[in-house]
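Heads up, the thing below is written out as C-alpha cells.
The values are calculated or read from the model by the stated rules, or taken from the named source; none is laboratory data. The model shown is predicted, which means the values in this text are computed figures rather than measured ones. Here the Cβ positions follow ideal geometry from the backbone for every residue, glycine too, while neighbour counts run over all protein chains shown. For accessibility, only protein heavy atoms count, side chains too; no ligands or nucleic acids. Shrake-Rupley method; radii C 1.70, N 1.55, O 1.52, S 1.80 Å.
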Amino acid sequence: MNRLRMPRARFRGTAKVPAIFLCAFVAGCSGTQTPLDPAGDQALRIVWLFWFFVGTCAVVWSAVVIVMLIAIARRRSAAEPQAANERGMNAAVGISTGITVFILIVFTVSSYFTTRGFGATPQNAVQITLTGKQWWWQIEYQGSKPSETFSTANELHIPAGQAVSITLKSNDVIHSFWVPNLAGKQDLIPGRTNMITFTAVKPGIYRGQCAEFCGLQHAHMALLVIAQSPQEFAAWQAHELSDAEMPNDPERTRGLDVFLSSGCVACHSLRGTPASGLEGPDLTHVAARRTIAAGTLPNTRGTLQGWIADPQGIKPGARMPRLELSAADLNAVSAYLAGLK
C-alpha cells in the first residue's frame, strides 16, 4: 500500500516545523468552521432558510416515494374503466404540478425576505475596510478622526452584540470573504467596492477564509474573526492604536536595527519607527496575533524565524522575498518581532 508522505516545511533558520503539524494547526486552531453552527445574525437567518428547504424537500421526497410504492403495489382491476383511470391520473398530475409551483413560490419569497436586510448598515456599526491581497487580508479600522484609524492583518476583532460594516476591496484578483459561522459570502472585486454587515451574537473565535480561487496560495488565505465583549474590544482597540514597543535589551535592540536597515522596511510598517511600507502587513503588534502568513503558521518566535528565513519554502509564490540574513541577525530580528505584543 502506498503511503501518503507529508513534506516538511524547510527552514534555513533554527526553527523547523513539520508540515503535518501545520496542517493540524490550521484545521483545528479555531474550532468548527460550519454555517450550521450560527453565531451571527446573518448566519442564523441563513441556517433557518437552509433547514426550511431541507425539511420541505424531505417531505416532498417522502411523499413521492410513498406514492411510487403504492403505484407499484397496486394492481388495476380488470373491471375498472380505462377512462376513469385516466381521469384520476390527470387529476393527480394537475394537483402535483400545483403543489410544486406553490412550493417554488414559497421558496422564492422566503429567500427574498431572509436576505433583504443583509445590506442595511446601522448607524452605530463599527466601520472596517478589508482588502484582499495575494494571499493575506489587510484590515483597517476607521476612526472618527485620522489618529484613531489603524491597520492590522489576518485577524478581525469585532465587538459581540454590535453590528460591523465591512467595506470589501481587492488590489489584485477576485477574492471572497466568508466566515461560515457569522455570515454569507461576499466577493472582493478589483475596481469595485462591496459591503457586508453582520452582528456576532456571542463572543468567540470564528475561522474564515477566501472562498474564491485566487491563485497558488488560495488555500492558505485564512483569517480569524475574534468576537469580544464591548469592553474587551475597546481595550484591544486602544492597545492597537499605540506605537510599537521599543526594545529594552541588546538582542531586541539589534533586531530593530536589522529590521530598519534591511529590506523589511520596503514592505512593512511599524508605528513609532521610520518603517512605513505599505505592501505587506503592518507589524506594529504582530506578536499579539495568533497566526502568521494568513493562518499558515502558529505565531511563535520559531515560526517567525522560519518564515523570515525562507518564506517561499513555506508558502510558495508568496509576495514576501527571502532575505539573506546572517544567523545572528535572524535571531535578533525574530526576537524583536516576537516581543511586539
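Okay, here's what the table says:
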{"item": "Sequence ranges 294-303, 184-193, 53-62, ranked by mean other-Cβ count within 10 angstrom, highest first", "result": "294-303, 184-193, 53-62"}
{"item": "23 Å Cα-Cα reach of Lys202 towards lysines, excluding residues that sit fewer than 8 places from it in its own chain", "result": "Lys185"}
{"item": "Evaluated over segment 264-321, the Cα radius of gyration and Dmax, each in Å", "result": "11.3, 32"}
{"item": "Cα pair distances in segment 99-157, grouped into 10 Å bins until the bin that holds the longest one, percent each", "result": "18, 28, 23, 17, 12, 3, 0"}
{"item": "Rough spin-label spacing in nm, given labels placed 7 Å along Cα→Cβ, for Asp257 and Asn90", "result": "9.8"}
{"item": "Accessible surface of Met320 - all protein chains present, 1.4 Å probe, nearest 10 Å²", "result": "40"}
{"item": "Cα gyration tensor shape of segment 218-320, rounded if a/c is under 1.5, else prolate or oblate by comparing a/b with b/c", "result": "oblate"}
{"item": "Net charge contributed by nearby residues that have their C-beta within less than 9 Å of Leu224 (K/R +1, D/E -1)", "result": "+2"}
{"item": "Amide hydrogen neighbours beyond the local backbone of Gly40, cut-off 5 Å, H modeled", "result": "Val201"}
{"item": "Cα point-scatterer Debye curve for segment 147-264, base-10 log of I(q)/I(0) at q = 0.09, 0.10, 0.18, 0.20 Å⁻¹", "result": "-0.35, -0.43, -1.03, -1.12"}
{"item": "CD proxy at 222 nm, helix term only [per DSSP H run n ≥ 4: -39500 (n - 2.57); per residue of the chain; nearest 500]", "result": "-12000 deg cm²/dmol"}
{"item": "For Leu156, residues with placed amide H under 5 Å, excluding near neighbours", "result": "Leu224, Val225, Ile226"}
{"item": "Accessible carbon and sulfur surface of the chain relative to its total accessible area, %, 1.4 Å", "result": "61"}
{"item": "Cα centroid of segment 135-198 to Cα centroid of segment 269-292, whole Å", "result": "18"}
{"item": "Efficiency of FRET between Phe53 and His239 - r from beta-carbon atoms, R0 35 angstrom, step 0.05", "result": "0.20"}
{"item": "Around Phe177: net Lys/Arg minus Asp/Glu count, Cβ-Cβ under 10 Å", "result": "-1"}
{"item": "Shape of segment 215-263, Cα gyration tensor, a/c cut at 1.5", "result": "oblate"}
